[in-house]
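Everything on this sheet refers to the single structure shown next.
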Amino acid sequence: MVIINIIVTILLGAGLFFTFVGSIGLLRFPDFYTRLHATGKCDTLGAGLIILGLLIYHFFHYSETPLIPAKLIFLIIFIFIANPTATHALMKAAYQIGIKPWKTGEKRE
Amino acid sequence: MDKQRGFAIVLTFLIMAFFWVLLSGIFDAFHLISGVICCLIVTLLSHDLLVKGESKKRLLKSIRLLFYIPWELWQIVLANIDVAYRVLHPKMPIDPRIIEFETTLRGEFSQVTLANSITLTPGTITILVEPERGKFLVHAIAKEPAEALLIDQTMQKKVAHVFMETGE
């Protein structure tokens, strides 16, 4: 059980780290497109790792309800499909409106 | 055609029934029977949404897709480390650019897979896809990821291998 707890803590910590980095990227990056790079990728893996940690914790500590980990697996799958799709939709909308991408050397917003 | 339709109906019904059991979690007669009835109604109304068009070798493609997923997951981890490095580096080593390339992929599902894979892998996000010509417009955060996509083309090859669309 101690090993399980350590693994779960590592997974939650890693998920937290990537979500945190995503938020910092959202604040630091210069324009809309690069900001989406930070959130689109980090949120996917961050949320995935956190849910994976919860899944393992639940599976070993509350093994009388195995349906909940199964549901969490599907949650991860849906996040991994929906998140890049939503990022792409935002990118496409911004591109069609005509937001100019930031280039190296320009002043930051 | 009829065989295709039968396959679509059976597959949709099985998926629906699986989800019903998974989400309800109650296994008495009342809930299972109402589940079967609901699944039948949904299947009859919308079986052509989930499985559509004629497609050969579906099983082989699914198996190849299963082998593609672990590689893709590893790429996602690399992508996140890459973004974390660029975010936390004091000088922020980014050099954004928009690149364009054409692929031989024509299938709907293969193009969606490639587009989502590009978005999840290091430093690139798909902006536009033109389905007829297989043209992809991609925003890259720096020079190296753009070149990985343009010159190496590992990902295009892998997706083409999974969906057996090598261009010939």
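The values are calculated or read from the model by the stated rules, or taken from the named source; none is laboratory data. Keep in mind that what you see is a predicted model, and the values were worked out from it rather than measured. Cβ: placed from backbone, ideal geometry, glycine included. Neighbour counts: every protein chain shown. Remember, those area values only see protein heavy atoms, side chains included, never the ligands or the DNA or RNA. Shrake-Rupley method; radii C 1.70, N 1.55, O 1.52, S 1.80 Å.
Say the dipole of chain A comes from +1 at the beta carbon of Lys and Arg and -1 at that of Asp and Glu; which of A:26, A:7, A:61 then lies farthest toward its positive end? Comparing the listed Cα positions along the dipole, A:26 ranks first. Residues whose amide H lies under 5 Å from that of residue B:127, counting only those 5 or more places away or on a different chain, are B:137, B:138, B:139; hydrogens are built 1.01 Å from N in the peptide plane. Mean per-residue shielding of peptide A:40-48 is 5, counting Cβ atoms of other chains within 10 Å of each Cβ.
Within the listed set B:122, B:93, B:145, the residue fluctuating most in the Gaussian network model of chain B (springs between alpha-carbon atoms under 10 angstrom) is B:93. The Cβ shell under 13 Å around residue B:135 holds other residues with a net charge of -2, Lys and Arg each +1, Asp and Glu each -1. For chain B, the solvent-accessible area with a 1.4 angstrom probe is 59 square angstrom per residue. Inter-label distance, residue A:5 to residue B:67: 4.2 nm, where each label sits 7 Å from its Cα along the C-beta direction. 3J(HN,Hα) along the range A:68-77: 5, x, 4, 5, 5, 4, 5, 4, 4, 4 Hz, from the Karplus curve 6.51 cos²θ - 1.76 cosθ + 1.60 with θ = phi - 60°, whole Hz, x for Gly and Pro.
Count Lys and Arg as plus one, Asp and Glu as minus one, and take only other residues whose Cβ is under 9 Å from that of residue B:120; the net charge is then 0. Cross-linked pairs A:103/B:91; A:103/B:158; A:41/A:92; A:41/B:143; A:103/B:135; A:71/A:92: Cα-Cα separations exceed 26 Å for A:103/B:158; A:71/A:92.
Paramagnetic label reach from residue A:65 (point 7 Å along Cα→Cβ; backbone nitrogen cut-off under 16 Å): within the range B:1-30, residues B:22-27. In this assembly, the A-B interface accounts for approximately 3200 Å² of buried accessible surface in total, computed with a 1.4 Å probe and without ligands, DNA or RNA. So which residue, out of A:65, A:44, A:34, gets the largest mean-square fluctuation from a GNM of chain A using Cα contacts under 10 Å as springs? It is A:65.
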